[in-house]
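Asker: Sharing a structure, written as structure tokens. Questions coming.
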Amino acid sequence: MSDWVRAFSPASVGNAGVGFDILGHAIAGVGDTVAVRRIAAPEVRISAIRGTTLDLPLDAPSNTAGAALIALREALQLPFGFEVEIEKGIPLGSGMGGSAASCVAALVAANALLDRPLSREALYPFALSGEAVASGGRHGDNLGPMLLGGLVLATADRLVRIPVPAQWHSLLVHPDAVLETRRARAALRGAYELKEFVTQSANLALVLAGCHAGDAALVRAGLADVLVEPRRAPLIVGFEAAKQAVLAAGAMGASISGAGPSIFAWFETCEAAQAAMAPVQAAFAAAGFDSQGWVSPLDSPAATLL
């Protein structure tokens, strides 16, 4: 019924350290590309997945992109369907939002094929349905920044883009290792102290206030995860050394990206972020892992049509 429409969704840093499941930011330079076309059959069909050596499900309800488009079709009661081809550019099990990127890119492409395209915010509920297939929960810390770009607060039904100074940059380093999301979430089971929640709430407030004010001192005071990182860090070989290396290089703060094993850090300038990459990669190398790194503006681009 129509030609293919292609969209690219960037990777992302989920949680952003202090905002478990509700705060994240996009990463320029790496992401997934999805092609979608309208078909007469009232169904969603995934015809190809490329760019990965692992078998990802072609069954649409079991695939994040497929599930998102099924939710879109059902909500809008569309008389037509979609055929989908996915090109993975984000390493699987990396903590870089790979499952979210596929469903966001699929939605952005499919949205362009609608007679009345929706806003990015209106696509959010369908993206949540897609992400739930991979993670088992409806959380938008990866989806929000992919849809809107930059740093985004993502609640159950709202996306709020957080302003950040243009010169602030992030560093993301991914060691050549896999940490499955469900295993990382299982590590969070158990009791927590009330004082831990109070501290984490204070840290999140400091980071958000610092971003709004462009005050790096506030971000430095708050960008420390006391809830999730202590439970997940033991799953990531080389993480502690990598974190110490990036903090020694002048980062405002650093933590686990998403479920891990990647590490992220925020810097006040692009040059500082670039200079920190080598010592972080050296720390992972000492632990036996090759790694890839990306430097990106914290105010980074959203998913886009190609």
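Read the figures in this text as sums done on the coordinates, not as results from a lab. This is a predicted model, so every value here is computed, not measured. Note: ideal-geometry Cβ built from the backbone for every residue, glycine included; neighbour counts use all protein chains shown.
Asker: From the list P125, P91, P61, exactly one residue is in a loop (DSSP other than H, G, I, E, B) and surrounded by fewer than 24 Cβ atoms within 10 Å (Cβ to Cβ). Which is it?
Answerer: P91
Asker: Give me a count of the residues in region 272-291 that are touching a helix residue (DSSP H, G or I) at 6+ places or on another chain (Cβ under 8 Å) and either over 12 Å from F239 (Cβ atoms) or assigned to a helix (DSSP H, G or I) (or both).
Answerer: So the answer is 8.
Asker: Further question: A156 passes all but one of (1) within 30 Å of P279 (Cα to Cα); (2) out of contact with any Pro (no Cβ under 9 Å at 6 or more places or on another chain); which number fails?
Answerer: Condition not satisfied by A156: (1).
Asker: Is it the case, given these coordinates, that G89 is more than 12 Å from the chain's Cα centre (by Cα), at positive phi and not hydroxyl-bearing (S, T, Y)?
Answerer: No: the conditions fail for G89.
Asker: Continuing with the same structure: If I go through region 129-162 residue by residue, how many of them are surrounded by fewer than 24 Cβ atoms within 10 Å (Cβ to Cβ) and either without any contact (Cβ under 8 Å) to a residue 24 or more places away in the chain or over 25 Å from D59 (Cα atoms) (or both)?
Answerer: Number of matching residues: 13.
Asker: Looking at (1) under 15 Å from G17 (Cα atoms); (2) more than 20 Å from the chain's Cα centre (by Cα); (3) without any contact (Cβ under 8 Å) to a residue 40 or more places away in the chain, can you tell me which one K243 breaks?
Answerer: Of everything listed in (1) under 15 Å from G17 (Cα atoms); (2) more than 20 Å from the chain's Cα centre (by Cα); (3) without any contact (Cβ under 8 Å) to a residue 40 or more places away in the chain, K243 misses just condition (2).
Asker: Go through (1) assigned to a loop (DSSP other than H, G, I, E, B); (2) surrounded by fewer than 20 Cβ atoms within 10 Å (Cβ to Cβ) one by one and return the number of the condition D225 breaks.
Answerer: (2)
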